[in-house]
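Have a look at the structure below, then the notes.
A short reminder: the numbers here are calculations on the coordinates, not readings from a lab. Not measured: the values here are computed from a predicted model. Here Cβ is always computed from backbone atoms with ideal geometry, including for glycine, and neighbour counts include all displayed protein chains.
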Amino acid sequence: MSSPEFVRLELADDKIIALFQAEVSGRGGRAILRADPLLAIEGGAVGVAEAADEKLPAIVSIRVPGSNLAADASTLDIGNSTGLVEVRMTVPDERAVSLSLELTGEETE
Amino acid sequence: MKQRLAFPYLTPSPEAIDAGPWMFSLNNCEPRPLGPALPNWDYDASLVISRRFRFDHEKLSGDVGLSPDADILSIQVEAGTGQGTLARKIIESFRQALSGSEPLLELQIPLLSSRLSSRLSLTTTLFLSRKFDAVSRLSPRQAASRLWGDRHVVALDGDDTLFPMEAISFDEYFGSRIQSGALWHLHWDPHHLNRDFRGAMRLYLNADDLDFMTRIRDQDPVMLQALLSDVIFQMCSHALLDEDAHVFLHEPEPGTVAHQISGWLKTAFGHIPAARLRSTLEARPGEFRTAILAISRV
């Protein structure tokens, strides 16, 4: 799977949403796509669990364009799908964010 | 270049800012492009760095939702120095306001070589110089909001070690395990190729083997070639076989593990994409290994 790439900002209910895309190729039989929001700091990024701050990013949705696969959650069972995935996450004011994507779960045929 | 960070406001598209390469002039010579190393530099050298920019102010303002004549953008260059990816000390901070009517900007910054050590890190940042009452919710508003930036890291000639190395007793480190009979051990984390090279790896030498240690101290060229090629092969082959790592090799951050691996691969094979090199490694491992051995000659 490729590293998530930031595509653009969007506005939804006055909330700032960041759209990221990644390409799923060799899945190794793993079917569950898990998205973790990251807060960007100088020289790196930290997971929100490590950031003692109320202004935290959160995953809004994951979807596979051109399919019915979508979830308003931070995990999605993508089955045998490969190709583009889109992840939307909230961006707190005055914070830069990034995204970690991982394929996990039981092996499938 | 892939953008992995999302800022909480709109940022300019690449077409809005044409940033030229950093140039350097050493001892009043003609300016030359500043690469990953600064040859012939010493602590007494007179050093001037320069860079040209061309701004498409209309495009830039449109991209981020500012008015072109607002004149609220400034550019800053911070020159830092010291070992590691992040500069240990900022020795120069240069700031200049941009004029919306002037597309060209040339920066010339003299640096005191006597204040430099190990590496020179040049961080360029375009930012809002004051608070802005933007119409769009997505536009930058706060003073010091960063709109664009990049960083260039330069190794200063003759002031960098090749590898972080340490001699230890393998009998103590590995105990009764079979590894205690090895001559060296490369400790590194292959899952974080964007980490600082010197902080992410360490080469342990077996201090229990006195003959080996003598050869290392005497800089035996055959021994060093064998050692170096093994380290390079381990790191390059892992990075090529891990498809997720290819993205880091494409445009690696200077000073990172990926940057070092990418440099070795370019030296051995030229500008061949990682996917093709992986095929070479899998189909003709002997040829791949021999190329690594060849570039490891010291």
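Numbers below:
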{"read-out": "Exposure proxy order (Cβ contacts within 10 Å, fewest to most) of A:Met89, B:Met223", "value": "B:Met223, A:Met89"}
{"read-out": "Protection proxy ranking, peptides B:264-270, A:67-73, average beta carbon neighbours within 10 Å, highest first", "value": "B:264-270, A:67-73"}
{"read-out": "Qualifying lysines (Cα of each under 28 Å from Cα of B:Lys131; at least 8 residues distant if same chain)", "value": "A:Lys15, A:Lys55, B:Lys59"}
{"read-out": "Helix axis angle, B:257-269 relative to chain B longest principal axis, alpha carbon, degrees", "value": "70 degrees"}
{"read-out": "Rounded to 10°, Cα long-axis angle of helix B:221-241 versus longest principal axis of chain B", "value": "60 degrees"}
{"read-out": "Cα centroid separation - region B:196-211 against region B:56-130, whole Å", "value": "39 Å"}
{"read-out": "Descending semi-axes in Å of the protein assembly as shown, equivalent ellipsoid built from Cα gyration tensor", "value": "39, 33, 18"}
{"read-out": "Nearest-20 debye value, region B:107-181 charge dipole, Cβ charges on Lys, Arg, Asp, Glu", "value": "860 debye"}
{"read-out": "Under 21 Å from B:Lys89, Cα to Cα: lysines that are on another chain or at least 8 residues apart", "value": "none"}
{"read-out": "Hydrodynamic radius by Kirkwood, which averages 1/r over all alpha carbon pairs of chain B, in angstrom", "value": "22.1 Å"}
{"read-out": "B:Arg217, B:Arg4 arranged by Cβ crowding within 10 Å, fewest neighbours leading", "value": "B:Arg217, B:Arg4"}
{"read-out": "Volume in Å³ per residue [convex hull over Cα atoms, computed for region B:1-63]", "value": "135 Å³"}
